[in-house]
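The next block holds one structure in the form of structure tokens; read it before the comments.
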Amino acid sequence: MAEKIADFEPWLAKRVLEQLFKRHPELRSEILKLATDAANNPDEFSIAAEIEEVINDLDEGDVLKRSGRRRGGYTSEPEAVGEALTEAMEPFFDKLQHHLELGNDVAALAFCKGIVLAMYRFSQCDIHPLLELYEEYPAETADWAARLWRTVGDVDKASMRTFDLGREFPEDFAKRYVPDWEWLIDEG
């Protein structure tokens, strides 16, 4: 039996919620308020866990089928891995960018921290076939998330590392959860 809601598979959580709506229609407004609040204030640890699950669901064989000779040229194994991982990460970066555009800094920072934490954990894997083919991916991806946060989503400024001095990656989070990546707080 699941100890908490996060332990439920998404399809099961949806089904339970639908049944709760049917049995207790008086709770509808409270449930919707809680859902809205949760969507506007995401938890970086839940985001990191979701990212880790997405990465772990990638099949090495399917990813490597993207490599080799193609009509348009040649795709190396690391390049194929990078493409697959980037596609898997795209929804999380879309959400980060969306919250930045809305000016919802709390949610944007949670997505940034979630991405950084997931990438750090991914980088710490002893054995992961995709990581073995593209070791730099986690640090590069975490760096990009932090750059987007620091530039309020301005891709051009993020590319040139032109940061808003008032927007730094949280030092306490970095020291506690990604201690080997001091560069996140050393960039200036």
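Given (1) open to solvent by 50 Å² or more (accessible area, probe 1.4 Å); (2) in contact with a Lys or Arg (Cβ under 9 Å, 6 or more places away or on another chain); (3) assigned to a helix (DSSP H, G or I); (4) of a type outside the set (Phe, Trp, Tyr), where does residue 147 come up short, assuming only one miss?
All conditions pass for residue 147, except number (1).
With respect to residue 71, is the statement that it is surrounded by 11 or more Cβ atoms within 10 Å (Cβ to Cβ) and of a type in the set (Lys, Arg) true?
Working: surrounded by 11 or more Cβ atoms within 10 Å (Cβ to Cβ): no; of a type in the set (Lys, Arg): yes.
Here the answer is no, as residue 71 does not meet what is asked.
Of all residues in region 74-108, how many are aromatic (Phe, Trp, Tyr) and surrounded by 14 or more Cβ atoms within 10 Å (Cβ to Cβ)? Let's see the steps before the verdict.
To start, the set of residues in region 74-108 that are aromatic (Phe, Trp, Tyr) comprises 74, 92-93.
Pick out the ones that are also surrounded by 14 or more Cβ atoms within 10 Å (Cβ to Cβ) and you get 92-93.
Count: 2.
Just one of 15, 66 is among the basic types (Lys, Arg), in a helix (DSSP H, G or I) and surrounded by 12 or more Cβ atoms within 10 Å (Cβ to Cβ); which is it? Don't jump to the end; show me each part of the working.
Details: 66 fails: in a helix (DSSP H, G or I).
The unique qualifying residue is 15.
Select from region 51-60 the residues that are of a type outside the set (Val, Ile, Thr), touching a residue at least 60 places away in the same chain (Cβ under 8 Å), in a helix (DSSP H, G or I) and over 13 Å from residue 116 (Cβ atoms) and list them in ascending order.
Scanning region 51-60 gives a single hit, 60.
Looking only at residues in region 149-188 that are hydrophobic (A, V, I, L, M, F, W, C) and within 20 Å of residue 122 (Cα to Cα), which one is modelled with the lowest pLDDT?
Of region 149-188, the ones hydrophobic (A, V, I, L, M, F, W, C) are 149, 152, 155, 158, 160, 163, 165, 169, 173-174, 178, 181, 183-185.
Restricting the remaining residues to those that are within 20 Å of residue 122 (Cα to Cα) gives 169, 173-174, 178, 181, 183-185.
Details: 169: 91, 173: 95, 174: 94, 178: 96, 181: 94, 183: 91, 184: 89, 185: 85.
Applying the filter and picking the extreme gives 185.
State the number of residues belonging to region 126-142 that are within 17 Å of the chain's Cα centre (by Cα) and either part of a loop (DSSP other than H, G, I, E, B) or among the β-branched types (Val, Ile, Thr) (or both).
Qualifying residue count, region 126-142: 2.
Residues are listed down the side, and each one gets a yes or a no for (1) among the hydrophobic types (A, V, I, L, M, F, W, C); (2) at pLDDT below 85:
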position	(1), (2)
8	yes, yes
11	yes, yes
25	no, no
38	yes, yes
41	no, yes
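The values are calculated or read from the model by the stated rules, or taken from the named source; none is laboratory data. Since the structure is predicted, the reported quantities are computational estimates derived from the model, not experimental observations. No Cβ is skipped: glycine too gets one built from the backbone with ideal geometry, and neighbour counts run over all protein chains shown. Accessible surface areas use protein heavy atoms only, side chains included; no ligands, DNA or RNA. Shrake-Rupley method; radii C 1.70, N 1.55, O 1.52, S 1.80 Å.
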